[in-house]
């Protein structure tokens with residue numbers, strides 16, 4: 001009987017703690033939402049068009065990632081990722097004014113990234129993605145550079 005009473009008390013305590021934790025979490029989330037979504041804070045509606053640089057065709061399923069950036073250039077913790085549709089378009093509404101770091105990732109293209117100042121109610125961005133470039137190697141011939149450079153010194157040569 002004592003074990004049953006102890007179990008009931010423990011179970012009740014667990015339920016009370018869980019309920020209190022949920023209430024506290026709800027209150028904190030509500031306060032954060034109220035603080036972030038103040039009516040006097042200006043926001044912008046952003047639209048993105050992601051296209052291929054070489055032919056101007058849309059890039060489907062590209063990831064558009066947005067990070068807030070502090071006054072000191074430090075990237076914020078929270079980020080938002082959107083995907084482009086078949087027309088290479090995506091959008092997001094109610095973005096607070098301020099500096100925003102935008103990155104675009106798409107398979108088969110170079111990663112794009114730049115910081116923008118969000119300061120107008122509606123802003124549109126057209127991002128032209130480049131195809132990957134070949135790596136530069138010092139072991140390959142580069143005929144376009146032969147006229148501009150002197151040959152490197154031989155590391156095995158004795159000093160004169």
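Summary of values
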| read-out | value |
| --- | --- |
| Hits in the range 104-121 (condition: assigned to a strand (DSSP E or B) and touching a residue at least 40 places away in the same chain (Cβ under 8 Å)) | 104, 105, 115, 118 |
| Options 76, 37, 30, 26: the member that is within 18 Å of the chain's Cα centre (by Cα), modelled with pLDDT under 90 and farther than 30 Å from residue 133 by Cα | 76 |
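The values are calculated or read from the model by the stated rules, or taken from the named source; none is laboratory data. All of these numbers come straight from a predicted model, not from anything done at the bench. Note that each Cβ is placed from the backbone with ideal geometry, even for glycine, and that neighbours are counted across all protein chains shown.
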